[in-house]
Amino acid sequence: MDEFQEILQDFLVESFELIEQLDQDLVELETRPDDLELLNRIFRVAHTVKGASSFLNFDVLTHLTHHMEDVLNKARHGELIISPNIMDVILESIDLMKALLVRIRDTSSDDGIDVSGCVVRLDKCAKGEVDLEVPAAKPAAAKKVEEVAQEEAPQIAPQDEPDYENMDADELEAEIERLLQQRQAEDKVKREQKNSGTNASAKSEEEDDAEEYEPVVKVPAVVTPARKPASFGDDSEGSDDARAGSPAKKQSTVEQTIRVDVKRLDHLMNLIGELVLAKNRLIKINDDVEERYEGESFLEELNQVVSIVSIVTTDLQIAVMKTRMLPIGKVFNKFPRMIRDLGRELNKKIELEISGEETELDKSIVEEIGDPLVHIIRNSCDHGIEAPHIRAEQGKNETGTIKLKAYNEGNQIVIQIDDDGKGLDTEMLKRKSLEKGLITEKEADNMSDKEAFGLIFKPGFSTAAVVTNVSGRGVGMDVVKTNIEKVNGIIDIDSEIGVGTSMKLKIPLTLAIIQALLVGVQEEHYAIPLASVLETVRISKDEVYTVEGRSVMRLREDVLSLVHIGDIFEVERILDSSEYAYVVVLGLGASKLGLIVDTLVGQEEIVIKSLGEFLKGINGIAGATIRGDGGVTLIVDVVAIMDMAKHVKTSAIVDTTSDVALLTRDKTKASDYTVMIVDDSKTDRTIMRKALEPLGVTLVEAGDGQEALSILKQGDHNFDAMLVDIEMPRMDGYSLATEIKKYNRYKNLPLIAVTSRTGKSDRMRGVESGMVEYITKPYSADYLMSVVQRNINFKSEFLK
């Protein structure tokens, strides 16, 4: 049973691969019915599937493909012209073949699907459209010889009397070999003709096999003598050797590929993601080491190792990503058939032009964009392309054209769908939206053409007068928008009435590892997908205006709505807001938004991580990533952000005077003053405490800079001054002072250095970091008390 299942799996994989291109080939055949190579290719698919299904005892599939072969075989002989009606029946049989293969895949049996009606129609096509009878093999064989002669004649004609006298030895040998092979091919056909009369029971199968390899037999006659005689050696033995040669060639191709379970590739991609994170961490550590050990000899070697690891990781990442890439032609291949069927259903003449089908996308994205493209193309056929008589009246070609192309643009793939139909009427779109209550009259009046084009993506919107199988329910284009945004893509529409519509889908190459812009908001970091960032600008507070309770700015000729990312995620703004602000301009289709941030950290390659079961679904957050310094950064969901921004009414730049007032409120007693003592030595902290206790002020102690910063962040105390030691573990006094000055509410907080470092450079560094006083050890208790009193504006009446 295991062996059968293995063979069955191979049969299914091969069969699905063979019929994948079949729809497109058949639609091409309808326009080029005399294309022998195309006919042979289609015939070989049916023949191969029939042979394999017969071996595996799938009688229904064998029965169907055998009758398909009959029709295709007559077409190959020129006895049957493929008309649209005949093509309808062939396409129906292909659909049944696909359904049978799916049935076999799911149940290991082809029972349960009735093909008798289709078989009857195939037989009618084979009998009713035939001009020549082919009951015996003689006419077919004679016709074959005649075809060979006709094909050879025009190519041999110029060589009827070759100039043998001027030929060298190699050319003469090649000419002799060619003539011998030509004669052998003709003799072989004659032998088959004679043998077919004595083996009538096998006549049909032999004829199929001989015809299947007919192009191989013809090859010697069309190849010029300049080619090496050895190139004809394997083919000249006739159809038996050709039959052996063809599988050998196919086998060599198969050996170059290997089928891998998608789960393995996904696991490999996850490991690469972890490696990228480790690389980022290594680069950050290397930068820190360089800064700390500047000038050390080992740094050059360390830099080389880090550089090599970075390069190899990037190359490995690209290689693994490519293994997950699929040509977008896998999606495009089904559209010629769909266009052909829609054209007949709508009574329109529509032609599809495809380009860029070799462009590659991540497998997960290829699976997601199939449905959106189906809806867009159906929409173009139904609403875009006009009926033939209307096009003729407008001076257009009766046949409408839909162009589908894909190409790379930076780190994105662009899929462009153009049609030469009637275009989008913005006034009609607004009117329909108003009727359905999708927009207000005020919104309609202020709406630009680009925004009006976007109305077609509104749920429930439709311009169809009647609901049909093709359109009219108002769900198709909404599905397009939802699915494209799910893969972080954007849609751009351009249209001109009477000329046509162009729709561009911009999609990232992969969803696993992306380029992002890291931004800072207070002490938080956020990652914004770079594909959604149009530009970044720095503005002053004077450039921000308020219109109807919303913050806006003028960006060249446009008025850009502004919102602070802190307002969206409710981040408390306690750090100093400087005179300038950074605005990240986000773009999503025709919509733009200015996102105000505190700092621009830089661009980084990030690995997208899920937030897990408990945190997923948080509005505005698409996932998380790990930074080079080990911290976690949330990834912004741009689509959700732009929607949330509509409901944020607070000013982009808030007034922080309330925090300042809190610090300068009136003191009614000595204990209202609060001073923090920061020193890693418990003895030194005790000395300072004893010196200040007579004042009656509230004293808070911290063992190092990080503990002091943590106490500040908690906000339990409003400090009036800090006594800071310089030499401390984890965070020294200079670093602590620098961090504290970032907080707006502590911008004017007196920082008093208490240290044994007395050098001039130490004092200068203390001043630069924000220290207002510099007390050197040892000191007297009275001096310390007077310095603190002066800096906290201590009222003399509070002295005991």
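The peptide list 371-382, 788-799, put in order of mean Cβ contacts within 10 Å with the highest first, becomes 371-382, 788-799. Report note on the peptides 539-546, 563-570: ranked by the mean count of other C-beta atoms within 10 Å, highest first, their order is 563-570, 539-546.
Amide H contacts of Y743 (H built 1.01 Å from N, in plane; Pro and chain starts excluded): D576 sit under 5 Å, all sequence-distant by 5 or more or on other chains. Enter the Cα centre distance for the pair segment 537-556 and segment 354-380, rounded to the nearest angstrom. Using only Cα atoms, the two centres lie 40 Å from each other.
The relative contact order of segment 265-402, computed from alpha carbon pairs under 8 Å that lie at least 6 residues apart in sequence, is 24 percent. Shape class of segment 671-800 from the Cα gyration tensor (axes a ≥ b ≥ c, square roots of the eigenvalues): rounded, since a/c falls below 1.5.
Amide H to amide H distances under 5 Å link G623 with I635, where only residues 5 or more positions off or on other chains count and H is placed in the peptide plane. Taking the charge dipole of segment 345-427 about its Cα centre, with +1 at Lys and Arg Cβ atoms and -1 at Asp and Glu Cβ atoms, the residue from Q394, Q416, N379 reaching farthest to the positive side is Q394.
Each residue, D341 and I176, gets one label point 7 Å from its Cα in the Cβ direction; the gap between the two is 6.0 nm. On a 19 Å Cα-Cα criterion, which of the cross-link pairs K504/K592; K609/K742; K403/K504 come out too long? In this structure, K609/K742 exceed 19 Å between Cα atoms. Sorting the segments 495-505, 481-491 by their mean number of nearby beta carbons within 10 angstrom, highest to lowest, gives 481-491, 495-505.
Our coupling estimate for segment 418-433, obtained by passing each phi through the Karplus curve with A = 6.51, B = -1.76, C = 1.60 and θ = phi - 60°, is 10, 9, 9, x, 7, x, 9, 8, 4, 5, 5, 4, 5, 4, 5, 5 Hz, Gly and Pro reported as x. Work through the residues other than M644 whose Cβ is under 10 Å from its Cβ and net out their charges, Lys, Arg +1 and Asp, Glu -1. With Lys, Arg at +1 and Asp, Glu at -1, the neighbours total -2.
For H647, the accessible surface of its heavy atoms amounts to roughly 140 Å² (probe 1.4 Å, protein chains only, rounded to the nearest 10). The calculated FRET efficiency for R44 paired with E353, based on their beta-carbon distance and R0 = 30 Å, is about 0.65. Phi angles of segment 369-381 translate, via the Karplus equation with coefficients 6.51, -1.76, 1.60 and θ = phi - 60°, into HN-Hα couplings of 8, x, 4, x, 5, 4, 5, 5, 5, 4, 4, 5, 5 Hz per residue; Gly and Pro are given as x.
Once amide H atoms are placed 1.01 Å from N in the peptide plane, what residues at a sequence separation of 5 or more from G356, or on another chain, have their amide H within under 5 Å of its amide H? The answer is A406. Per residue, segment 662-711 exposes an accessible area of 44 Å² to a 1.4 Å probe, with every protein chain left in place. Loop-located GluC sites (Glu not before Pro) in segment 383-447 (DSSP state other than H, G, I, E, B) with a sparse environment of at most 14 neighbouring Cβ atoms within 10 Å: E398.
Taking the Cα centre of segment 1-90 as reference, the dipole from Cβ charges on Lys and Arg (+1) and Asp and Glu (-1) amounts to some 380 debye. To the nearest 0.05, what FRET efficiency results for E435 and Y293 with a Förster distance of 60 Å applied to their C-beta separation? Taking R0 as 60 Å, the efficiency between E435 and Y293 is 0.25. Taking label positions 7 Å along the Cα-Cβ direction at both S109 and A640, the computed distance is 4.8 nm, reported to one decimal.
The values are calculated or read from the model by the stated rules, or taken from the named source; none is laboratory data. In this text, all values refer to a predicted model and were calculated from it rather than measured experimentally. Methodologically, a virtual Cβ is constructed for each residue, glycine included, from the backbone with ideal geometry; neighbour enumeration extends over all protein chains shown. Side chains included, ligands, DNA and RNA excluded: accessible areas come from the protein's heavy atoms. Shrake-Rupley method; radii C 1.70, N 1.55, O 1.52, S 1.80 Å.
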